[in-house]
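Engineer: Before I ask anything, let me first share the structure, which is written out below as structure tokens.
All of the numbers you see were taken from the coordinates with simple rules; none came from a lab. Small disclaimer: the values here were computed from a predicted structure and weren't measured. Cβ: placed from backbone, ideal geometry, glycine included. Neighbour counts: every protein chain shown.
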2 protein chains.
Amino acid sequence: MQNEIQLMGKKALKASRDLSLLDSKTKNDILLSMADEIERQKEHIQAENNKDLIAGKGNGLSKAMLDRLELNDRRIKGMSNALCEVAALPDPIGEIIKTIMRPNGLKIDKIRVPIGVIGIIFESRPNVTADSASLCFKTSNAVILRGGKEAVHSNRAIAEALQNGGKRAGLPDNVIQLIQTTDRDAVRQLVQMDKYVNLIIPRGGESLIRAVTEMAHVPVIKHYKGICHTYVDKQADLQKALSIVVNAKCQRPGVCNAMETLLVHKDIAEKFLPQAAESLMQFGVELRGNDEARDIVKTMKKATEEDWYEEYLDLILAVRVVPDIQEAINHINTYGSQHSDAIITESAENRDKFFKEVDSATVYVNASTRFTDGGEFGMGAEIGISTDKLHARGPMGLEELTTYKYIIYGDGQIRE
Amino acid sequence: MQNEIQLMGKKALKASRDLSLLDSKTKNDILLSMADEIERQKEHIQAENNKDLIAGKGNGLSKAMLDRLELNDRRIKGMSNALCEVAALPDPIGEIIKTIMRPNGLKIDKIRVPIGVIGIIFESRPNVTADSASLCFKTSNAVILRGGKEAVHSNRAIAEALQNGGKRAGLPDNVIQLIQTTDRDAVRQLVQMDKYVNLIIPRGGESLIRAVTEMAHVPVIKHYKGICHTYVDKQADLQKALSIVVNAKCQRPGVCNAMETLLVHKDIAEKFLPQAAESLMQFGVELRGNDEARDIVKTMKKATEEDWYEEYLDLILAVRVVPDIQEAINHINTYGSQHSDAIITESAENRDKFFKEVDSATVYVNASTRFTDGGEFGMGAEIGISTDKLHARGPMGLEELTTYKYIIYGDGQIRE
């Protein structure tokens with residue numbers, strides 16, 4: 001086992017060096033050839049996926065899990081389209097980020113380069129195989145994928161299609177590798193292999209991410225939960241507030257940028273909360289409030305301390321009436337997950353205070369937190385939304401899968 | 001113990017929030033007041049330093065170690081000057097890195113913000129206390145310092161001077177904290193406290209850094225060794241090559257950006273190596289070569305496989321004659337530490353190949369690797385030179401002690 005995973009690491013390092021030689025056009029041709037092969041291998045991929053679905057039913061996977069696992073025609077087409085979209089995006093590699101001219105004549109270019117070898121550890125959805133592989137490849141990173149055991153056949157079929165399709169257009173060996181064994185010790189090996197692996201991105205539930213972080217010697221970028229807040233300020237435009245609050249909670253409650261807690265300034269609570277409650281309850285939202293909120297909307301359940309920490313991912317909303325903006329900020333910095341938080345206000349002063357003091361990856365004024373997304377930010381694609389502060393924060397697109405190096409042009413300079 | 005370190009973390013997190021409220025002028029005034037207090041407390045600091053020196057002698061510290069430990073007048077003045085220099089540097093916090101305008105009218109500013117709480121773990125030199133604290137403070141980060149046990153009195157006296165001097169000018173509480181206990185378990189607590197600490201920077205030998213990395217749950221930026229190469233290409237200007245090689249090896253051999261291995265193209269080796277050997281030997285450099293090199297310079301010792309991995313930090317140089325540029329690049333990527341590597345060539349093609357394929361933080365053409373330094377790069381100050389690829393690479397100045405957040409200006413936008 002040790003040897004097998006170490007060998008994959010060694011091969012990936014070699015592959016990452018080979019990758020540095022490919023130009024953008026070749027990389028894009030390879031991505032299009034992969035897209036092609038995914039469609040060509042559709043029947044084979046679905047046959048393998050069916051093995052996973054049958055095993056999943058046998059093992060009592062929930063309906064939601066089985067749904068995430070299934071690769072229907074639309075999803076296979078979606079994978080193939082996503083590969084074409086990644087091919088169409090600009091290539092960040094080689095970009096000059098900054099040029100420094102020194103008095104001694106040295107010219108220093110800070111340029112964008114691949115990270116090297118990236119390990120992706122993910123759970124049930126097998127299309128993550130194609131998505132992550134394509135983003136890593138576009139940025140000239142070698143990738144080692146480790147999917148969930150419930151999708152083992154699907155992941156293998158997809159990885160093979162990517163490798164075979166890519167190879168026809170010049171993909172070097174071992175650029176995309178899939179860990180075949182479902183042995184849990186393989187994960188430990190992978191995340192401790194700092195000689196070969198430069199970055200680990202775990203994509204899955206909190207327990208997976210925490211387990212990986214505790215074992216890892218390699219840097220990990222974490223995608224923890226989104227406990228997102230909307231604070232309706234005393235100086236809010238209540239019409240805007242209402243539509244934003246409903247959108248942030250109800251448009252797609254099961255995702256990480258949906259609102260989980262509504263904070264309302266006490267001076268406008270009596271006017272705003274009954275309207276908001278009515279609109280939210282029309283969508284079937286269950287409200288859980290503090291005492292001040294329940295004094296205004298009697299039908300609200302009582303919120304406990306645990307509710308402020310909760311990522312419901314469901315039609316449930318915690319509601320707190322706060323005495324002032326400072327308490328709203330303190331609440332967010334105490335209970336939030338530094339993901340996405342919004343203030344609704346017409347006051348520039350309160351907006352700036354909120355922007356400055358809320359310690360989150362994305363902070364909004366007068367907009368729905370649902371916009372935290374690589375696509376909505378104009379990144380074209382995303383590998384996830386980092387709740388870490390290093391090395392990438394918030395939506396992670398292609399640029400966030402790169403690092404930099406300095407190249408220095410001299411003409412014989414020596415240090416005095 | 002657990003409670004004490006956890007409490008420091010909790011206080012540091014609170015302090016990092018307080019810090020976000022300070023403007024640049026206040027921060028600079030605080031730095032100047034710290035500089036002032038270091039000079040005022042000179043006698044007290046030296047008395048405390050003397051306790052460490054006496055204990056060090058008793059414990060048999062080497063002369064070199066005792067020298068690094070000693071705080072003479074010049075070094076105290078140096079600490080104070082460094083604080084003033086950091087005050088004079090531009091403040092990176094609040095800088096708008098990029099603005100994205102979206103078709104739906106959202107304006108997204110990516111702005112530079114502090115990382116939060118940084119833990120610095122360092123060995124003997126007590127002036128690191130002032131240097132790291134000032135750089136972290138300038139970038140509005142709270143810092144928890146853990147120095148070596150041989151400098152415990154010196155570090156405490158310096159930290160107190162910084163705290164007291166700072167406080168007079170408005171430094172919030174707990175922005176700069178020093179771990180007082182020398183219990184090794186405190187380090188483990190610190191680096192696993194991901195609830196409160198955002199980044200660990202260990203400054204010291206490889207064994208310290210490795211131990212920290214293996215224990216840490218918090219991201220670690222590592223400053224490993226510098227095994228720096230100079231490759232003299234077939235198309236080199238040999239005059240430039242000679243002065244660069246001598247400078248890179250001899251100007252200050254004990255530092256991480258000094259050359260450790262010289263690679264020479266076989267076609268110019270017969271001409272270049274005898275001259276280079278003569279010049280280097282005038283500086284007392286011991287040469288260790290491969291067979292091809294020793295055929296040309298008979299007095300060279302034989303290099304073993306271990307020599308290619310060695311960071312001598314001394315007047316010793318490994319020398320290898322290589323058949324072509326590809327072998328030079330392969331050697332560097334195999335044995336190097338991804339720190340600083342140079343090619344000496346007049347060929348643009350070979351330069352570009354070297355720039356592209358050498359996977360190091362800083363890559364030079366026709367200049368000495370000794371320039372890898374925050375000051376020489378125009379950063380004004382540096383906290384170290386990262387051999388990691390994430391989140392910072394190469395010389396780390398103030399900018400590298402920051403992260404970013406997105407602030408988004410809306411006017412009622414909701415997601416469709």
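Engineer: Using the Kirkwood formula on the Cα atoms of the range B:360-408, what hydrodynamic radius do you get, in angstrom to one decimal?
Structural biologist: Values: mean 1/r = 0.0841 Å⁻¹.
Radius from the Kirkwood sum: 11.9 Å.
Engineer: Mind sorting B:285, A:358, A:255 by how few other Cβ atoms lie within 10 Å of their own Cβ, fewest first?
Structural biologist: A:255, B:285, A:358
Engineer: Please arrange B:139, A:334, A:181, A:387 by how many other C-beta atoms lie within 10 Å of their C-beta, fewest to most.
Structural biologist: If I rank by nearby Cβ atoms, fewest first, I get A:334, A:181, A:387, B:139.
Engineer: Mind checking the mean number of beta-carbon atoms from other chains within 10 Å of the Cβ atoms in A:235-245? Before the final figure, lay out each step's value.
Structural biologist: Values: counts 0, 0, 2, 0, 1, 5, 1, 1, 3, 5, 1.
That works out to 2 on average.
Engineer: Compute the Rg/Rh shape ratio of the range A:1-130: radius of gyration over Kirkwood radius, all on alpha-carbon atoms. The partial results should precede the final answer.
Structural biologist: Details: Rg = 20.4 Å, Rh = 18.3 Å.
Expressed as Rg/Rh, it is 1.11.
Engineer: Right, here's the next one. Kindly give the distances from residue A:67 to its copy-mates, label point to label point, with each label point 7 Å from Cα along Cα→Cβ, as nm values to one decimal ordered shortest first.
Structural biologist: Once sorted, the set of distances for residue A:67 reads 7.1 nm.
Engineer: Using the count of nearby Cβ atoms within 10 Å as a rough guide to exposure, how do B:29, B:341 rank from fewest to most?
Structural biologist: Details: B:29 18, B:341 31.
Ascending Cβ contact count within 10 Å gives the list B:29, B:341.
Engineer: So, one more: For chain A, with equal point scatterers placed on the C-alpha atoms only and solvent neglected, what are the log10 I(q)/I(0) values from the Debye formula at q = 0.09, 0.14 1/Å, to two decimals?
Structural biologist: Log-scaled intensity ratios, in q order: -0.65, -1.20.
Engineer: Using only the alpha carbons of the range B:89-161, determine the length spanned along each of the three principal axes and report them from longest to shortest in whole angstroms.
Structural biologist: Reported extents, whole Å, longest axis first: 60, 20, 16.
Engineer: Sticking with this one: If the viscosity is 1.306 mPa s and the temperature 10 °C, what Stokes-Einstein diffusion coefficient in µm²/s follows for the range B:197-305 when Rh is the Kirkwood radius over Cα pairs? List each step's numbers first, then the result.
Structural biologist: On the way: Rh = 16.0 Å.
This corresponds to a translational diffusion coefficient of 99 µm²/s.
Engineer: Measuring from a point 7 Å out along Cα→Cβ, what nm distances, shortest first, does residue A:380 have to its partners in the other copies?
Structural biologist: Here the equivalent label points are 3.5 nm apart from this one.
Engineer: Also: Among the listed pairs B:11/B:57; A:149/A:302; A:107/B:225; A:14/B:225; A:222/A:356; B:57/B:77, which have their C-alpha atoms separated by more than 30 angstrom in this model? Mind dumping the intermediate values first?
Structural biologist: Details: B:11/B:57 36 Å; A:149/A:302 40 Å; A:107/B:225 25 Å; A:14/B:225 22 Å; A:222/A:356 23 Å; B:57/B:77 25 Å.
Going by Cα-Cα distance, B:11/B:57; A:149/A:302 fall outside the 30 Å limit.
Engineer: Would you please classify the overall shape of the range A:288-414 from the alpha carbon gyration tensor, given that a ≥ b ≥ c denote the square roots of the eigenvalues, rounded means a/c under 1.5, and beyond that prolate means a/b larger than b/c while oblate covers the rest?
Structural biologist: Numbers: a/c = 2.91, a/b = 2.27, b/c = 1.28.
Because a/c hits 1.5 or more and a/b exceeds b/c, the range A:288-414 counts as prolate.
Engineer: In addition: Could you please point out the chain A residue with its Cβ nearest to the axis of the rotation taking chain A onto chain B, and the distance in whole angstrom?
Structural biologist: Nearest Cβ to the rotation axis, residue and whole-Å distance: A:391, 2.
Engineer: With unit charges on the beta carbons (Lys and Arg positive, Asp and Glu negative) and the dipole taken about the Cα centre of the range A:42-188, which residue among A:80, A:171, A:139 sits farthest to the positive side?
Structural biologist: The one lying farthest along the dipole's positive direction is A:139.
Engineer: Normalise the Debye intensity by I(0) for the range A:172-221, one equal point scatterer per Cα, no solvent, then take log10 at q = 0.14, 0.19, 0.25, 0.31 Å⁻¹ and round to two decimals.
Structural biologist: -0.36, -0.66, -1.06, -1.30
Engineer: Using only the Cα atoms of the range A:228-371, what do you get for the radius of gyration and for Dmax, in Å?
Structural biologist: Taking only Cα atoms of the range A:228-371, I get Rg and Dmax of 13.1, 36 Å.
Engineer: Same structure again: Quick one: net charge around residue B:325, please, counting Lys, Arg +1 and Asp, Glu -1 for every other residue with C-beta under 12 Å from its C-beta. Before the final figure, lay out the partial values.
Structural biologist: Values: positive: B:234, B:266, B:351, B:353, B:356; negative: B:233, B:267, B:324, B:327, B:349, B:352, B:357.
Residues near residue B:325 contribute -2 overall.
Engineer: Just round it to a whole percent: the fraction of Cα-Cα distances in the range A:201-257 exceeding 12 Å. Could you put the intermediate results ahead of the total?
Structural biologist: Details: 1155 of 1596 pairs.
In whole percent, the long-distance tail amounts to 72.
Engineer: What ranking do B:244-254, B:363-373 get when scored by the average of other Cβ atoms within 10 Å per residue, highest first?
Structural biologist: Numbers: B:244-254: 20.9, B:363-373: 25.7.
Highest to lowest by the protection proxy: B:363-373, B:244-254.
Engineer: If you don't mind, there's one more thing I want to ask. Quote the Stokes-Einstein diffusion coefficient, in whole µm² s⁻¹, for the range B:61-130, based on the Kirkwood radius over alpha carbon pairs, a temperature of 25 °C and a viscosity of 0.890 mPa s.
Structural biologist: On the way: Rh = 16.2 Å.
My calculation gives 151 µm²/s for D.
Engineer: What size of dipole, in debye to the nearest 20, comes out for the protein assembly as shown about its Cα centre when the only charges are +1 on Lys and Arg C-beta atoms and -1 on Asp and Glu C-beta atoms? Don't skip to the end; give the middle numbers.
Structural biologist: Values: 108 positive and 118 negative charges, 74 e Å.
With only Lys, Arg, Asp and Glu charged at Cβ, the dipole is about 360 debye.
Engineer: May I pose another question? From the label point of residue A:17, set 7 Å from Cα along Cα→Cβ, how far away are the matching label points in the other copies, in nm, ordered shortest to longest?
Structural biologist: 5.0
Engineer: Turning to a different aspect of this structure: For the protein assembly as shown, just list the percent of Cα-Cα distances falling in each 10 Å bin from zero outward, please.
Structural biologist: 2, 12, 20, 23, 21, 13, 6, 2, 0, 0
Engineer: Ignoring everything except DSSP H segments at least 4 long, calculate the 222 nm mean residue ellipticity for the protein assembly as shown; use -39,500 (n - 2.57) per segment, divide by total residues, nearest 500.
Structural biologist: Calculated mean residue ellipticity at 222 nm is -13500 deg cm²/dmol.
Engineer: If you don't mind, there's one more thing I want to ask. Going from the alpha-carbon gyration tensor of the range B:34-94, what semi-axes, largest first and in whole Å, does one get by taking the root of 5 times each eigenvalue? Each step should come with its number before you reach the end.
Structural biologist: Details: eigenvalues 168, 38, 15 Å².
They are 29, 14, 9 Å, listed largest first.
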